[in-house]
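Asker: Quick one: the structure is below, and I'll ask about it shortly.
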Amino acid sequence: MQCYRLTNRSKNRLSDGGFLARIPLMPNQYLLEQGYSLGLMQAGPEDPLLLITDADAFWNRFQNYYQERFELEQMPEDYVVPASYDVVYGAIKFDNEEEAEAAETGEAVS
């Protein structure tokens, strides 16, 4: 799973970075139905967005779009999303969520 911190390049306060980041996600909702994680997370209106996806085809297609509009920082593989961040668009399924659910129900994770 890839995680990118998006910081809006626009100094224009009227520019909505959240909306600009959602534009490529809107027509790609079918990826969620296919089981991919694709979404945006944010802690607050002034905080940077996190784009999280495991759909390589999506990222390959829209990487240039995001590079033109945002300062991108790829987060390391072991990056832990802060608890204050919530999903603001899309759906994201973290690997450790399955383990936590299994621990709560007493099931084994395969």
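Asker: Which one of Leu72, Leu49 is crowded, with 16+ Cβ neighbours inside 10 Å and not aromatic (Phe, Trp, Tyr)?
Answerer: Working: Leu72 fails: crowded, with 16+ Cβ neighbours inside 10 Å.
Sole residue among the options that is crowded, with 16+ Cβ neighbours inside 10 Å and not aromatic (Phe, Trp, Tyr): Leu49.
Asker: Six or more apart or on different chains, Cβ under 7 Å: which pairs go from a residue in the stretch 30-41 that's under 13 Å from Gln2 (Cβ atoms) to one that's at pLDDT below 90 and of a type in the set (D, E, K, R)? Could you list them?
Answerer: Close Cβ pairs satisfying both conditions: Ser37/Lys93.
The values are calculated or read from the model by the stated rules, or taken from the named source; none is laboratory data. Every value quoted in this text rests on a predicted model; they were computed, and no experiment measured them. Please note: Cβ atoms are built from the backbone with ideal geometry, for glycine as well, and neighbour counts cover all protein chains shown.
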